[in-house]
Amino acid sequence: MSHILPGHSLVDSLQINDDTLAEIAMILKMRRDFGMSMYKDKCMKRRIAIRMRSCRCSDAAEYCNLLRQSEQELDHLKKTLTIHVSQFFRNPSMFEKLHTDILPYLFQKTDIARNNLRFYSLGCAGGEEAYSLGIILRQFYSRQLMDMPVEIYAYDIDNDILEAAARAEYNEDRLKDLPDSCRERYFVPNGKCLKLTAEIRDMVSFNQHNIMNVAALDPCQLVLCRNTLIYFTRQDQEKILRGIAHILPTGGILVLGKAETLVGDTRQLFTAVCPVERVYRRL
Ligand SMILES: C[S@@+](CC[C@H](N)C(=O)[O-])C[C@H]1O[C@@H](n2cnc3c(N)ncnc32)[C@H](O)[C@@H]1O
């Protein structure tokens, strides 16, 4: 039951001050080993307010109490904070660019004798982005794949979403930008969902990794890091982008989300290949 004084909006009543945010951060750290400090405070507060509303808590103190008592709410909150929205071929024009320009360039520039191609999806959520890349490779580059195997690694901080990604079962809403030909060729009905065939599933390997430590990953030639940086503070965005620059050799490609861009000194480490699609090449 919510207790809102006349003249106060629901939004006012759900305001989360910095002390409460720190308290929630501490509970999540202790009980789920989940660190919140890397994300923007404003973004976290907005997300916590969503949970408070769902639980019908009238103020932040009530919500903190609930969080201390409920394992289930801890899981719900962690999920809400890590925001797993994605879909197949999200921003189709970027995938078109990958298909027509970026992949031919990467196949052509890589020395077959010495290298496999290794591609990363960072902040992969349910795997839609990594699998979309797999579909393009399988559809248009199967001949090249015979000469030069491609490994796709997808990373996320959240283990539950990684397990779902590996299962590869999707509702219709995740498939709305998928061309019909792909749907028929690569998905089979599975109850109310559609399941991706093993032919594409087997191309992607999912692993837990915090992108704050991206520099610890092996070098690769292509990094898709879309719609994940936006949740980080500018300082941490810079750290992540420096880490990505560290694992990309000269000529390697980085793709960011439509609302993201290079920040600070990392602008000197890349040149824009296609500013509209947020495609950058490592200098
Ligand atoms: C909005 S989704 C982006 C999905 C996909 N890249 C896309 O553009 O459709 C953001 C993902 O980043 C993940 N994430 C958040 N913080 C992370 C971190 N520190 N390390 C790795 N992944 C993280 C979340 O769990 C979530 O699945």
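The values are calculated or read from the model by the stated rules, or taken from the named source; none is laboratory data. Quantities reported herein were computed from a predicted structural model and do not represent experimental measurements. As a convention, Cβ positions derive from the backbone with ideal geometry for all residues, glycine included, and neighbour counts pool all protein chains shown.
Details
- Every residue from region 245-279 that is within 25 Å of Cys43 (Cα to Cα), in a helix (DSSP H, G or I) and touching a helix residue (DSSP H, G or I) at 6+ places or on another chain (Cβ under 6 Å): Gly264, Thr266
- Answer residue from region 81-98, given it is crowded, with 17+ Cβ neighbours inside 10 Å and farther than 16 Å from Leu229 by Cβ and is farthest from the ligand (Cβ to nearest atom) among those: Lys97
- Only listed residue being under 19 Å from the mean Cα position of the chain (by Cα), away from the ligand (no atom under 16 Å from the Cβ) and surrounded by fewer than 21 Cβ atoms within 10 Å (Cβ to Cβ), chosen from Arg234, Arg201, Arg282: Arg201
- Qualifying residue in region 110-132 (condition: farther than 17 Å from Leu224 by Cβ and either part of a helix (DSSP H, G or I) or within 16 Å of the ligand (Cβ to nearest atom) (or both)): no
- Test for Glu169: is it away from the ligand (no atom under 14 Å from the Cβ), at pLDDT 95 or above and not polar (S, T, N, Q): yes
- Among residues of region 215-231, those that are assigned to a loop (DSSP other than H, G, I, E, B), of a type outside the set (Lys, Arg) and either outside the structural domain of Arg267 (by TED's automatic domain parsing) or under 17 Å from the mean Cα position of the chain (by Cα) (or both), counted: 3
- Considering only residues in region 210-226 that are within 8 Å of the ligand (Cβ to nearest atom), crowded, with 20+ Cβ neighbours inside 10 Å and not basic (Lys, Arg), the one that is farthest from Ser86 (Cα to Cα) turns out to be Ile211.
- Considering residues of region 151-162 that are assigned to a strand (DSSP E or B) and in contact with a helix residue (DSSP H, G or I) (Cβ under 6 Å, 6 or more places away or on another chain) only, the residue farthest from the ligand (Cβ to nearest atom): Ile152
- The condition of being of a type outside the set (Gly, Ala, Ser), free of Cβ contacts under 8 Å to residues at least 24 places away in the same chain and not in a loop (DSSP other than H, G, I, E, B) holds for only one of Met212, Met146, that being Met146.
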